Amino acid sequence: MDYVSIKCPHCGKELKVPADAEKIVCMFCAEPIIMGGGTEGAPAAESAQEPAAVGEAKAAVPEGIFSFKISLDQMNAKVYPSVFENFQKVMSPFWPAFERAASQAPERTAEEISDRLVSGYSAQVSDDDKKHDSNKYFDCRFTITALLIPAILERKNEASEKLADVFLKKWNEKYPKRPLGKASYDMILKGFKKKYCFVTTATCLALKKGDGCRELNMFRSFRDNWMLGTADGGAKVTEYYLFAPIVVSAINSSPEPEREYGRIWDSYLMPCLGLLETGENVKCEQKYERMMCELEEKWL
């Protein structure tokens, strides 16, 4: 009996199956697979042999995107749109090849292109940079979140959505302590235009405190009158505007957002308020940073 190699469209595992089979069940995930397309709602299997179009798409990934950086001072409502537009121009030659490949082998294309992107960005920072969470590592994460993922999502089709999801899954498996989230260009730009205290606002609203409550006004005053006046306060606030909306979006999509906001209030925000009331701004800043690190690890 002749056998062929295929890739399960559900779990991505490689299988060897009879060449004349019409329908099989994956031995890894137990999901049905229609060989070569067909009926019963089961996805068609992709050949485990890489289609030529997938190789062409991998080759079309622009090297320039890996060295393209967005700095903290460019992350504002005035400058960000032009930087994002320039990044899209660098990416533009890639999309025709990607969409051809995705139309032939969607699962394989998302996997292979994601691997190429992960390896390309990982190569920009050393193991020592990653270990010590250096500025170079931060810049890499910042650029991926502010430029790469939004540029992929701007294509607004199923193939690009899958690419973003697969890339983030692979990246976060590789770097679980500093995960990244999925944000669109519009979400990021809105954050910089509105200048919300995203997590504190969402928490206070969930606890029925209202947008103009005393607690929110204290946090806003802390941000504007103290944080922004410190040496690295502006950079920290900019980072917050980028990552906090993604955290809030993830919490709001969870089964019990009110419970999580209650935990955030009890564990972090209420103690922070106590520190602000006694003038211990440095300790408040440190506790707030710990909160954001924990939330990013949990929700991104």
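Coordinate-derived values only; no laboratory data. Quick caveat, the model's predicted, so the values are computed rather than measured. Here Cβ is always computed from backbone atoms with ideal geometry, including for glycine, and neighbour counts include all displayed protein chains.
Each label point was placed 7 Å from the Cα along the Cα-to-Cβ direction; for E31 and S103 their separation is 2.4 nm. Under a 5 Å amide H cut-off, with hydrogens placed 1.01 Å from N, K13 pairs with C8 among residues at least 5 apart or on other chains. A straight line joining the Cα centroids of the range 147-164 and the range 238-300 runs 28 Å.
Quickly estimate the mean residue ellipticity at 222 nm for the chain, helices only: each DSSP H run with n ≥ 4 gives -39500 (n - 2.57), and the total goes over all residues, rounded to 500.
Working: 16 runs with 175 residues, N = 300.
One gets -17500 deg cm²/dmol as the mean residue ellipticity at 222 nm.
One chain, two ends: Q88 and A21. Fully extended at 0.36 nm per residue, the span grows by 19.7 nm beyond their Cα-Cα distance.
Label positions at R263 and E289, each projected 7 Å from the Cα along the C-beta direction, are separated by 2.4 nm.
Does the range 94-217 come out rounded, prolate or oblate by the C-alpha gyration tensor, with a ≥ b ≥ c the root eigenvalues, rounded set by a/c under 1.5 and, if not, prolate when a/b is larger than b/c and oblate if not? Verdict is oblate for the range 94-217. Counting only lysines at least 8 places from K13 when in the same chain, those with an alpha carbon closer than 23 Å to its own are K23, K58, K162, K169, K170, K174.
Pick from A235, A53, A30: which is most flexible by mean-square fluctuation in a GNM of the chain where alpha carbon atoms under 10 Å apart are linked? Per the Cα network of the chain with a 10 Å cutoff, A30 tops the list. With a Förster radius of 45 Å applied to the beta-carbon distance between C213 and K136, the computed FRET efficiency rounds to 0.70. Only lysines eight or more places from K156 in sequence, or on another chain, were considered; those with a Cα closer than 17 Å are K89, K182.
Scanning residues 5 or more positions from K23 or on other chains, those with amide H under 5 Å from its amide H are M35, with H placed 1.01 Å from N in the peptide plane. For the range 54-127, go through all pairs of different Cα atoms, get the mean of 1/r, take its inverse, and jot down that Kirkwood value in Å. It works out to 13.6 Å.
When the Gaussian network model of the chain links Cα atoms closer than 10 Å, the mean-square fluctuations of T145, T201, T230 top out at T230.
Across the chain, where is the longest run that never hits trypsin sites (Lys or Arg not before Pro) in a DSSP loop with at most 12 other C-beta atoms within 10 Å? With trypsin sites (Lys or Arg not before Pro) excluded where exposed in loops, the chain gives 209-300 as its longest stretch. Helix 106-122 and the long axis of the chain differ in direction by around 50°, with both axes built from C-alpha atoms. Maximal additional length on extending the C11-E161 stretch stands at 52.3 nm, based on 0.36 nm per residue less the C-alpha distance. If you count Lys pairs in the range 195-299 whose Cα atoms are under 22 Å apart, skipping same-chain pairs closer than 8 places in sequence, the total is 9. P(r) for the range 195-299, from all Cα pairs and a bin width of 5 Å, is 2, 12, 25, 28, 21, 9, 2, 0 %, short bins first.
For the chain, what is the Kirkwood hydrodynamic radius in Å, using each pair of distinct C-alpha atoms?
Details: mean 1/r = 0.0465 Å⁻¹.
The answer is 21.5 Å.
Result for the chain in a Gaussian network model with C-alpha springs under 10 Å: among E31, E285, E260, the largest mean-square fluctuation is at E31.
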